Amino acid sequence: MVITSYPEFIRSGMNTIDDAEIHQIVQRVLKQLSGVSQPAAALPSAPAPSPSPAPNPSPSGTRPDLEKGVSGPGPGKKVVAIGSDHGGFELKEILKTSLNELGFDVRDVGAYNKGAVDYPDFAHEVARLVSAGKAWRGIMIDGAGIGSCIVANKVPGIRAGMAYDYSSAVNSREHNDTNVLTLGAGLIGVNLAKLIVKVWLTTDFGGGRHAGRVDKITAVEKQYLK
């Protein structure tokens, strides 16, 4: 581009060139006037298009925020049965949201309000769904988590464990291959409960020497099913 005078440039281009381009051209003119050679500039290019939002994962895809072995949302997502008595009702409602965010299909068996109920009824239903293969895992919440654990372990095929911190949640999965988790709403806070649930759902069974011990648990159960 050759410009004979700065006023002429102003008159001819003011209405079509933006401030950034004016600045670039003025700099080139000043360099030419000072005797510095400048290669011909390319015509201003159109602004780069904004990047498109990342597509949502496919319905059957694995969620990136989940650890190994946990499926994402969609037709193949895993079912987690959850229940509580009146003492665990509020924590159950919070954990349902967390489970949905993790990509699980939640099966709520009650309680459905804070009215007084008996924890064995709901612990039994959670364990029954897991034992029947209608839920992948089960979570039951009462005041202390102990009574519900006892009830769930009466159901054939259930290995229920109560967890109260990160380590007990990991241990129950790695060593015991638990398929039902019980929590005491009166003993732990919301954030700790969320952590326990997530690590319990995403920790794999360790196998190895632990597999033989779990087999012995099953063998004891079978003795009393005859």
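Readers should treat all values here as calculations from the given coordinates under stated rules, not as data from a laboratory. Every value quoted in this text rests on a predicted model; they were computed, and no experiment measured them. We place every Cβ from the backbone using ideal geometry, glycine too, and count neighbours over all the protein chains shown.
Taking 0.36 nm per residue of sequence separation and subtracting the Cα-Cα distance, how much length would be gained by fully extending the chain between L187 and K226, in nm to one decimal? Walk me through the numbers on the way to the answer.
Details: separation 39, 0.36 × 39 = 14.04 nm, distance 3.79 nm.
Extra length available between L187 and K226 comes to 10.3 nm.
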What size of dipole, in debye to the nearest 20, comes out for the range 89-226 about its Cα centre when the only charges are +1 on Lys and Arg C-beta atoms and -1 on Asp and Glu C-beta atoms? 420
Taking the number of other C-beta atoms within 10 Å as the exposure measure, put L225, L183, L91 in order starting with the fewest. L225, L91, L183
Please order M140, M162 by the number of other Cβ within 10 Å, starting at the fewest. M162, M140
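Quote the relative contact order of the range 79-223 in percent (integer), defining contacts as alpha-carbon pairs under 8 Å separated by 6+ residues. Show your work: numbers first, answer last.
On the way: 286 pairs, mean separation 33.6, N = 145.
It rounds to 23 percent for the range 79-223.
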Separation of the I94 and K154 label points, Cα + 7 Å toward Cβ, nm: 3.0
Short version: ³J(HN,Hα) in whole Hz for each residue of the range 119-127, in order, from phi by Karplus 6.51 cos²θ - 1.76 cosθ + 1.60 (θ = phi - 60°), x for Gly and Pro, what are they? 4, x, 4, 7, 5, 5, 5, 4, 5
Local net charge near E90, Cβ-Cβ under 15 Å (Lys/Arg +1, Asp/Glu -1): 0
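Considering only the other residues whose Cβ falls under 12 Å of the Cβ of D215, what net charge follows from Lys and Arg at +1 and Asp and Glu at -1? Don't jump to the answer; show the numbers that get you there.
Details: positive: R159, R209, R213, K216, K222; negative: D177, E221.
Taking every Cβ under 12 Å from that of D215, the sum is +3.
In Å, what Kirkwood hydrodynamic radius results for the range 79-223 from the alpha-carbon pair distances? Can you show the working numbers first?
On the way: mean 1/r = 0.0675 Å⁻¹.
Final number for the Kirkwood radius of the range 79-223 is 14.8 Å.
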Which of the pairs K92/K222; K134/K216; K96/K226; K154/K198; K78/K194; K134/K222 have their Cα atoms more than 27 Å apart in this structure? K92/K222; K96/K226
Simple spin-label estimate for E174 and D204 in nanometres, 7 Å along Cα-Cβ: 1.3
Amide proton proximity set for V117, modelled H, under 5 Å, gap of 5+: H86
